[in-house]
Amino acid sequence: MITVKLFGGAKKIFSTDQITVTQDNLTIQDLLDFLVKNKPENTNDLDTNNLLVAVNGVDSSTMGGFSAKLKANDTVSIIPIIHGGSTRIKFLVDNKTVEIFAMKKQESNIKFLDELREKFPNIVIQGISSNFILNPDHVKKIILLSLYAKKHDILLSKKLETDILMRFAGTNQIIQAINTVGVKNNEDFVIIAIGKKLPLDKLYTLLKPSITRLAKNNQSFLKKQFNISKKQLGTVLSKTPLEDLLTERAAVLFR
């Protein structure tokens, strides 16, 4: 038996937040095919190309992707990703909207971030050095881990935003995480914001003049920072080995 937890648009499609599947020996892809085939009539399609899938809280990409075999009593979380415009990167997890803002450097990044938190107390706001962001999917997978940890009361710290910081840094030491991936003055950074649509729209309006595109070509830096070798990358059976190794490291941290 497999428990399937549905979030966001998937929850609306099936009119429930949980389904029990009794079939055995399924891969994740088999499970998705089953869900597509058995969804209620006259509902939206389940877009399997824009999903995050977690098995027992671990992103499926670290387990071999959708070809990974499921076991009895596994819990599979299905989280649709929603996309904004060219300068808005956002996705939905458990009815919470997560938005990513790539910010141009300024002299007082740290003060700016503190002021944002005061102006938007209903939004979880964290800043990460742009050097440590591989791509939007990397961010999505880390946030999925942190939100799962919060929901199950297994955060690495008391605050969700601190848990996010620690997972990007790959450490359970708060000071080390701040020194490694935290926002620094006069450097580009990324704001990760979690909240409801209306306050996020207001935040976007405020930030828009300083928004830039996510940095590219951070692979060499991240491989060096986390001592990831070609041999390690070669052992990962996925199309995104570096992304998945970084996610795996973030997933296995303990308090």
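Since every read-out is calculated from the coordinates, none of them should be taken as a lab result. All values reported here derive from a predicted model rather than from experimental measurement. Quick reminder, even Gly has a Cβ in these numbers, built from the backbone with ideal geometry, and neighbours come from all protein chains shown.
Express the relative contact order of the chain as a whole percentage, based on alpha carbon pairs under 8 Å and six or more residues apart in sequence. Numbers along the way, then the final one.
Values: 438 pairs, mean separation 56.2, N = 255.
The value is 22 percent.
Exceeding 26 Å between C-alpha atoms, which entries from my cross-link table qualify? They are Lys37/Lys71; Lys159/Lys223; Lys5/Lys216. Before the final figure, lay out the partial values.
On the way: Lys37/Lys71 21 Å; Lys159/Lys223 28 Å; Lys5/Lys216 33 Å.
Too far apart for the 26 Å limit: Lys159/Lys223; Lys5/Lys216.
Can you divide the C-alpha Rg of region 2-80 by 2.2 N^0.38 Å and report the result to two decimal places?
Numbers: Rg = 11.5 Å, N = 79, 2.2 N^0.38 = 11.6 Å.
For region 2-80, the normalised Cα radius of gyration is 0.99.
Rounded to the nearest 5, what is the percent of antiparallel bridges among the DSSP beta bridges in region 2-80? Kindly include the intermediate steps, with their values, before the conclusion.
Details: 12 of 16 bridges.
Roughly 75 percent of the beta bridges in region 2-80 run antiparallel, per DSSP.
Tell me the mean residue ellipticity at 222 nm calculated for the chain from its helices only (DSSP H runs of n ≥ 4, each -39500 (n - 2.57), averaged over every residue, nearest 500).
Values: 10 runs with 96 residues, N = 255.
Roughly -11000 deg cm²/dmol at 222 nm, from the helical runs in the chain.
So how much slack lies between Arg117 and Asp45, counting 0.36 nm per residue of separation and subtracting their Cα-Cα distance, in nm? Kindly include the intermediate steps, with their values, before the conclusion.
Values: separation 72, 0.36 × 72 = 25.92 nm, distance 3.73 nm.
That pair, Arg117 and Asp45, stretches by 22.2 nm at full extension.
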The chain: antiparallel DSSP beta bridges as a percent of all, rounded to 5: 90 percent
Arranged by the count of other C-beta atoms within 10 angstrom, fewest first, what order do Tyr148, Tyr204 take? Tyr204, Tyr148
Exposure-ranked with fewest Cβ neighbours within 10 Å first, Ser15, Ser60, Ser130 stand as Ser15, Ser130, Ser60
Residues Ile175, Ile79, Ile211 arranged by fewest to most Cβ contacts within 10 Å: Ile175, Ile211, Ile79
Taking the Cα-to-Cβ direction at Val36 and at Thr75 and moving 7 Å from each Cα, how far apart do the two end points lie in nm? 2.7 nm
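Go ahead and run the numbers for FRET between Ile110 and Asp17, Cβ-Cβ distance against an R0 of 45 Å, rounding to 0.05. List each step's numbers first, then the result.
Numbers: r = 39 Å, r/R0 = 0.86.
E(calc), rounded to 0.05, equals 0.70.
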